[in-house]
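The values are calculated or read from the model by the stated rules, or taken from the named source; none is laboratory data. From a predicted model like this one, the values you see are computed outputs, not experimental measurements. Cβ: placed from backbone, ideal geometry, glycine included. Neighbour counts: every protein chain shown. Heavy atoms of the whole protein, side chains included, go into the accessibility calculation; ligands, DNA and RNA do not. Shrake-Rupley method; radii C 1.70, N 1.55, O 1.52, S 1.80 Å.
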Amino acid sequence: MTSLVLTLVAQREATPLDTATIALVRDILATTAEATVLSAGEAVDIPCTESAASKLPTVREALNTLPIDSVLTHTATRRKKLLVSDMDSTIVANETLDDVAAHAGIGEKIAAITARSMNGELDFAASLRERVALLKGLPASLLEKAWKDVKLNSGARELVQTMHAHGAYTALVSGGFTFFTSKVAALCGFDENHANTLLFDAEDCLTGATGQPVLGPDTKLSLLEKLTATHHLPAEATLAIGDGANDLPMLRKAGLGMAFYAKPVVRKEITAQINHTSLRTVLFAQGYPASAFIKD
C-alpha cells in the first residue's frame, strides 16, 4: 500500500526531467506505481511505501550530478492550510540588512556577522543588536535605497497566491525589519507579516537600536503555534520554509518544514530540501500540478 509520495523537480533551465531519470528513481524505490506528471519535463510524483524514507539518501546520491530536488511527503496530508515563511534568502533573494549596510559602505563587515548568525555560530538577538548598532547615525533614506535592490525569488508570488486560492492562510516572518516585510508581504499577498522594528531619532536617522523584544527563532516558532491554534489546524496541515539557523525551531515543528537553499546547519537536520529549483517546488511537493498555479 502506498502511503508516501516522492516528488522530483528539475531545474528547468538546466535539465529536463526525463523518463530514464524517473525510471532510475522508481527502481531505487522498488515501486511499480506509475509516476504522475505535475509539469512536463519539470516535476513528477512517484507513489511509494513507507520504506522509501530509508531510500531517500540513495535517491539523492543517484541524482547528485543533476539539478533535481526530491521531497518525500505523506499522501494523506500533503495539502497544507497554513504557510509560515522566512523572508531574507527565502521569499526574497536578498539579506536586506546586509543591503542597507552595503549602501552605508560597511556591507562586508555586517554580512560576515549575518553569515555566522544564520549558520548558528552566534546568538541571533546579540548578533542583530551588534549589526544594527553599526548603523547608528545613518539616514532613513538608506532603507529606500536598499528596497530598490530587493528581488522576489522565483515562484514566491505563485506560492502564496496558489495556496490562498486553495484556502490556506499565509504569514511572512523575519528576523529582519518591518520596513521590508510589509512591502514584500504586499507584493506576494501574505495575510500578515512580522519582523523587528528599527528606531529613529528626531532627525530621521537610525539610533543603532531596535524595538524590543527582538523577534528571533523562538518568536517564529510561537507564531507558527499561535496560527495553528487560531485556525484550528492539526500540526500536519502546517508548512514552514526557511534557510537559516533561526528558522530551525519552526521548521522542526511544522507538518512540513522545508529548507530553501539553506545553511549547512539547517540542511543537516531538515530532510525536505530545495537546493536546485525554485519556490514552485513547495507547490509541487503538495501535489499541485503546474496547471493549478496562480500566475501574475
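General observations
- Amide H contacts of L82: Y169, L239, each under 5 Å away and 5 or more positions distant or on a separate chain (H built 1.01 Å from N in the peptide plane; Pro and chain starts excluded).
- Karplus (6.51, -1.76, 1.60) ³J(HN,Hα), θ = phi - 60°, over the range 233-248, in Hz, Gly and Pro reported as x: 10, x, 4, 5, 8, 10, 9, 10, 10, x, 10, x, 4, 6, 8, 4
- For the chain, calculated [θ]222 nm from helices alone, where every DSSP H run of n ≥ 4 adds -39500 (n - 2.57): -10500 deg cm²/dmol
- Stokes-Einstein D in µm²/s, Kirkwood radius over Cα pairs - the chain at 25 °C with 0.890 mPa s viscosity: 124
- Residue-normalised accessible area of the chain, given per residue in Å² at a 1.4 Å probe: 43
- Rounded accessible area of T36 (nearest 10 Å², 1.4 Å probe): 70
- Choice from A62, A245, A262 showing the highest fluctuation, given a GNM over the chain with Cα pairs closer than 10 Å: A62
- D (Stokes-Einstein, µm²/s), Kirkwood Cα radius, the range 61-210, 1.306 mPa s at 10 °C: 93
- Based on Cα contacts under 8 Å between residues 6+ apart, the range 76-177 shows a relative contact order of 50 percent.
- Nearest-20 debye value, the range 152-216 charge dipole, Cβ charges on Lys, Arg, Asp, Glu: 240
- A straight line joining the Cα centroids of the range 111-149 and the range 254-291 runs 26 Å.
- Rolling a 1.4 Å probe over the protein chains gives R26 an accessible area of about 50 Å².
- Too-long pairs where the Cα-Cα distance tops 20 Å, listed order kept, from K145/K295; K80/K253; K81/K220; K81/K226; K80/K226; K263/K295: K145/K295; K263/K295
- Translational diffusion of the range 179-224, µm² s⁻¹ [Kirkwood Rh, Cα pairs; Stokes-Einstein; 10 °C; 1.306 mPa s]: 130
- When the chain is treated as a GNM with alpha-carbon contacts under 10 Å, the residue of L143, L251, L82 showing the greatest mean-square fluctuation is L143.
- Only beta bridges with both residues in the chain are counted; by DSSP, about 50 percent of them are antiparallel.
- Sorted from greatest to least, the principal axis extents spanned by the alpha carbons of the range 56-103 come out as 44, 34, 12 Å.
- Close amide-amide hydrogen proximity is noted between M87 and V173, G175, each under 5 Å apart and 5 or more residues distant or on a separate chain (H modeled in the peptide plane; Pro and chain starts excluded).
- Among A254, A237, A33: highest mean-square fluctuation, GNM of the chain, C-alpha pairs under 10 Å: A33
- Long-range Cα-Cα pairs in the range 156-296 (distance over 19 Å), rounded percent: 56
- Each residue of the range 133-140 is assigned a 3J(HN,Hα), and the resulting list reads 4, 6, 8, 3, x, 7, x, 4 Hz, derived from the Karplus form 6.51 cos²θ - 1.76 cosθ + 1.60 (θ = phi - 60°), x at Gly and Pro.
- Here the chain is assigned +1 on the Cβ of each Lys and Arg and -1 on the Cβ of each Asp and Glu. Its dipole about the Cα centre then comes out at about 340 debye.
- Separation of alpha-carbon centers, the range 13-38 and the range 174-249, rounded to whole Å: 38
- Computed in the context of the full set of protein chains, the accessible area of the range 134-260 at 1.4 Å probe radius has 54% of its extent on carbon or sulfur.
- Phi to ³J(HN,Hα) by Karplus 6.51 cos²θ - 1.76 cosθ + 1.60 over the range 94-103, Hz, x for Gly, Pro: 8, 9, 5, 5, 4, 5, 4, 4, 4, 5
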